[in-house]
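The values are calculated or read from the model by the stated rules, or taken from the named source; none is laboratory data. The structure presented is a predicted model; accordingly, all values stated were derived computationally and were not measured. Note that each Cβ is placed from the backbone with ideal geometry, even for glycine, and that neighbours are counted across all protein chains shown. Remember, those area values only see protein heavy atoms, side chains included, never the ligands or the DNA or RNA. Shrake-Rupley method; radii C 1.70, N 1.55, O 1.52, S 1.80 Å.
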Amino acid sequence: VKKLHDSHQDYARWDDAVTGLYNVPDAEFVRSGYTDSTSTGIIFDTAFLIDETGKDLFALRDGATLATSSRAYFGAAFAHILKESDRPAGEYAVASGFFQTPDGIAAAVAGPVVPFSAGFPVPAGQKRMLVIAKHLTEAMVKNLGEEFVIADLKLAAPDFHAEQNVTLADP
């Protein structure tokens, strides 16, 4: 998740991002900066840009447009990371979490698009929240297991239909 946090800052705390993503997002800027990045999937494979009213301005997955909203894609818990990273205009903060998406389990980071340079103007009354996500794959989890010497580490989606019994023990 740290790598996603760092990458989010590279893509969201940037004067050019303010110019290219506020007002009506510039299609060429979106294509070269975000669509192309999701198509390689090296850093992130999914990206959403959300305006101050909660409307998705773009939704991308693997270099293509997604036909679903950010809230539907990430689920109800998604509102938490949007709220946690929400700051007054020009202030930068991020929040992250793991989500079950229609495409599998993903780590996601959300935060505002803000200028890097002090005094760089942000259009009044507007806010843009950038969300980037990277889906976990079997190969990625296997590599983590090998790197941290965790035998047979595997990726498994939660079973929300299974009955769960929890027993609390006294210390």
Among Met140, Gly119, Phe99, whose Cα sits farthest toward the positive end of the charge dipole of segment 94-155 (+1 at Cβ of Lys/Arg, -1 at Cβ of Asp/Glu, about the Cα centre)? Gly119
Please state the equivalent ellipsoid semi-axes for segment 31-83: what are the square roots of 5 times the Cα gyration tensor eigenvalues, largest first, in whole Å? 20, 12, 10
Kirkwood Rh over Cα pairs of the chain into Stokes-Einstein at 10 °C, 1.306 mPa s: D in µm²/s? 92 µm²/s
Rounded to whole Å², per residue accessible area for segment 8-52 with a 1.4 Å probe reads 44 Å²
Computed for segment 1-79: size of charge dipole around the Cα centre, +1 on C-beta of each Lys and Arg, -1 on C-beta of each Asp and Glu, debye to nearest 20, value 340 debye
On the protein heavy atoms, probe 1.4 angstrom, tell me the percent of accessible surface of the chain carried by carbon and sulfur. 56 percent
Using 0.36 nm per residue, how much length does the chain from Ala72 to Phe120 gain when fully extended, once their Cα-Cα distance is taken away? 13.9 nm
I'd like to compare 100-106, 136-142: which one has the highest average count of other Cβ atoms within 10 Å, and what's the full order after that? 100-106, 136-142
What accessible area per residue, rounded to a whole number of Å², is obtained for segment 109-154 using a probe radius of 1.4 Å? 57 Å²
